[in-house]
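This report concerns only the one structure given below.
The values are calculated or read from the model by the stated rules, or taken from the named source; none is laboratory data. None of these values were measured; they are calculated from a predicted model. Heads up, the Cβs are rebuilt from the backbone with ideal geometry, glycines too, and the neighbour counts pull from every protein chain shown.
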Amino acid sequence: MTDASLLSAKHLLLGLTGGVAAYKAAELARLLTNDGMEVQAVMTEAACRFVGTATLQALTGKHVFTDLWDASVANSMAHINLSRNVDVILVAPASADFIAKLANGFADDLLSTLCLARDCPLLIAPAMNRQMWESSATQRNLDTLRRDGVTILNPANGTQACGESGMGRMLEAFELVETVHAFFQPKLLKGKRLLVTAGPTYEAIDAVRGITNLSSGKMGYAVVRAAVEAGAEVTLISGPVCLETPAVVKFVNVVSAEDMFAAVKNEISSIDIFISVAAVADYRAISTSKQKTKKTGSSITLEFTPNPDILEYVANLANPPFCVGFAAETENLEANAEAKRRKKKLPLLAANLAQEAIGSDENALVLFDSEGERHLLKAPKIEQARLLIKHIASLCAKLRNL
Ligand code: C5P
């Protein structure tokens, strides 16, 4: 199953309230509809001053409701009917005024009434001027909503439509789409503690030179995101990458393979699943210099010593967690990957062709386990990661039943 098909059967009610960020909601409606979701837009009167109902109607392919007394819904009960059979309500943008209404249970227009008369989760994406966001009244209302089980998709920091700069900018449409995707992921790893290594390691030779493996860290970070979405408590140990730190329970930055090994030993004792995505350098220089080595014009020889194999160490502990390895191969993918899985005693190894995977946003993993191999179709790394997490969860469940 692809990730998109997971969304295709879902119904989302998209509420728009009055704010300049309503223009982003139009793009959001387009992206969600493209993903196959049934999107029903409901706009407040103030929202209609920022974008037209015709825009939302064209993007969702559905009549847009604005009025509590809209006669086109059976029995004129729009306030109840529209929130029936809805999987989630997302209010984006959610103005300070609308948040205040929600927090106090007011139901004086269609959208606030629907939010009150619902039995599905409610997500809100606030958008407002920074002082309105920081005001104690807004923060008090947000606390109330959090306690009521509403998910707040916190705004970002940045330049605002009013010309000021600070917290209050609504998240971008693509970020909200990612949140909706995450929301619908099955919580297959709820309560599981995961340790993931990602990125390359860098082995210094002198103050400004070193050796490393090519690795963007994108696959490892995608695995982390998919694991968090699946409800796992994730610790990430990362080599040097240019990626935003994901929302994990613990994040440890390392540089060399020896640093990564020490960090893994520190964290491993309470871990259920260890996923070693890092491209760990196999060798490090025997002698290194704290200063920059001067060039002489003659050839030099560097001597390297093997680094510890972190994954092999973990997989061979007396009571190891469920261990997942990664292998980037340039040739003979199947034979090399399966040989690696057996040598390191891994229940599961994910392999890919280095020339296709490194730095790319897409990948085509092949999963090797004791039952054989499984080829995943080329897809964005986050989708590959979600399928990998699903496979890990099913193998772990099988092991528990043995
Ligand atoms: O480098 P190699 O292809 O052997 O990597 C296979 C797996 O072993 C990967 O999951 C990698 O993270 C892990 N590994 C490790 N320590 C090393 C080398 C590889 O943990 N020194």
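Summary of computed values
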| item | result |
| --- | --- |
| Verdict on Pro200 being under 21 Å from Arg225 (Cα atoms) and either surrounded by 15 or more Cβ atoms within 10 Å (Cβ to Cβ) or not assigned by TED's automatic domain parsing to the domain that holds Val252 (or both) | yes |
| Top-ranked residue of the range 309-324 - restricted to ones that are surrounded by fewer than 16 Cβ atoms within 10 Å (Cβ to Cβ) and of a type outside the set (A, V, I, L, M, F, W, C), ranked as nearest to the ligand (Cβ to nearest atom) | Tyr313 |
| Ala350 within 18 Å of Ile392 (Cβ to Cβ), touching a residue at least 12 places away in the same chain (Cβ under 8 Å), in the same structural domain as Ile392 (by TED's automatic domain parsing) and not in a strand (DSSP E or B) | no |
| Check on Asn141, among the polar types (S, T, N, Q), within 25 Å of Thr66 (Cα to Cα) and touching a residue at least 24 places away in the same chain (Cβ under 8 Å) | yes |
| Residue identified as at pLDDT 95 or above and over 18 Å from Thr212 (Cα atoms) among Asp272, Asp282, Asp309 | Asp272 |
| Those residues of the range 217-268 which are surrounded by fewer than 18 Cβ atoms within 10 Å (Cβ to Cβ), within 16 Å of the ligand (Cβ to nearest atom) and of a type in the set (A, V, I, L, M), in sequence order | Val241, Val255, Ala262, Ile268 |
| Candidates Ala328, Ala351, Ala339, Ala335 - the one that is within 12 Å of the ligand (Cβ to nearest atom) and surrounded by fewer than 16 Cβ atoms within 10 Å (Cβ to Cβ) | Ala339 |
| Residue within the range 294-306 that is more than 8 Å from the ligand (Cβ to nearest atom), under 24 Å from the mean Cα position of the chain (by Cα) and in the same structural domain as Leu346 (by TED's automatic domain parsing) present | no |
| Segments classed as strands (runs of 3 or more DSSP E), wholly inside the range 189-306, with at least 2 members that are touching a residue at least 40 places away in the same chain (Cβ under 8 Å) | 193-198, 202-204, 210-212, 233-238, 273-276, 283-285 |
| Flag if Ala285 is more than 14 Å from the ligand (Cβ to nearest atom) and surrounded by 13 or more Cβ atoms within 10 Å (Cβ to Cβ) | yes |
| Segments classed as helices (runs of 4 or more DSSP H), wholly inside the range 60-150, with at least 2 members that are surrounded by fewer than 21 Cβ atoms within 10 Å (Cβ to Cβ) and in contact with a strand residue (DSSP E or B) (Cβ under 9 Å, 6 or more places away or on another chain) | 130-134, 136-147 |
| Of all residues making up the range 354-384, the number that are touching a residue at least 24 places away in the same chain (Cβ under 8 Å), within 16 Å of the ligand (Cβ to nearest atom) and buried (at least 16 other Cβ atoms within 10 Å of the Cβ) | 10 |
